[in-house]
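Notes follow the structure.
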Amino acid sequence: IVAEWLAFFVPAIAIWLGWQSIFPEKIFAVWVLDFILAFGFGVAFQYFTIKPMRGLSVVQGLIQAVKADALSLTAWQVGMYGFMAIAHFWIFGQVLGAKLEVPTVEFWFMMQIAMLCGFVTSYPVNWWLIRAGIKEKM
């Protein structure tokens with residue numbers, strides 16, 4: 001949510017992340033920002049959960065937080081980005097002939113469905129991470 005609105009209000013961020021130079025579509029550059037911010041927030045949340053539960057040092061806590069969140073977040077984003085790509089390029093772009101943009105109800109409705117898709121793709125990874133002792137049950 002933070003990344004989407006940040007890129008909407010400050011389009012230069014998308015340009016810095018490759019829009020128009022690497023990516024012809026703004027959505028791809030915003031996904032880079034989404035991933036960076038999600039990874040940062042995810043590692044922070046994992047760190048403040050894992051470090052005190054396991055009594056780890058700061059460095060050990062960060063390493064364990066990255067291990068716990070890297071695969072989980074990537075699996076989540078595969079589902080979320082996958083559905084948003086379908087919504088953006090096919091449902092809205094091809095079928096409806098419309099744009100799917102951040103300040104619209106349609107965008108945020110599609111994002112809710114995308115988050116469910118992210119849950120579906122990340123569930124097996126999180127299950128494995130918990131069973132392997134890499135991630136803590138919450």
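Lysine pair count for the chain (Cα-Cα distance under 24 Å; residues 8 or more apart in sequence or on different chains): 6. Using the alpha-carbon atoms, what tilt in degrees (0 to 90, nearest 10) does helix 26-54 show relative to the longest principal axis of the chain? Roughly 20 degrees, rounded to the nearest 10. Computed over the alpha carbons of the chain, Rg followed by Dmax gives 16.9, 55 Å. Simple rule: put +1 on each Lys or Arg Cβ and -1 on each Asp or Glu Cβ in the chain, find the dipole, and look at LEU71, TRP108, VAL10; the Cα lying farthest toward the positive end is LEU71. A 1.4 Å probe run over the chain, with the rest of the protein chains in place, finds 60 Å² accessible per residue.
Which of the peptides 61-72, 98-109 is most tightly packed, and how do the rest follow, judged by the mean count of other Cβ atoms within 10 Å per residue?
By packing density, highest mean first, the sequence is 61-72, 98-109.
Simple point charges give the picture: +1 on the Cβ of Lys and Arg, -1 on the Cβ of Asp and Glu, and for the stretch 1-135 a dipole about the Cα centre of about 560 debye. Expressed as a whole percent, the accessible surface of the stretch 1-111 that belongs to carbon and sulfur atoms is 75, based on a 1.4 Å probe.
The values are calculated or read from the model by the stated rules, or taken from the named source; none is laboratory data. None of the values given here were measured: they were computed from a predicted structure. Please note: Cβ atoms are built from the backbone with ideal geometry, for glycine as well, and neighbour counts cover all protein chains shown. Protein only, heavy atoms only, side chains kept; ligands, DNA and RNA dropped before computing areas. Shrake-Rupley method; radii C 1.70, N 1.55, O 1.52, S 1.80 Å.
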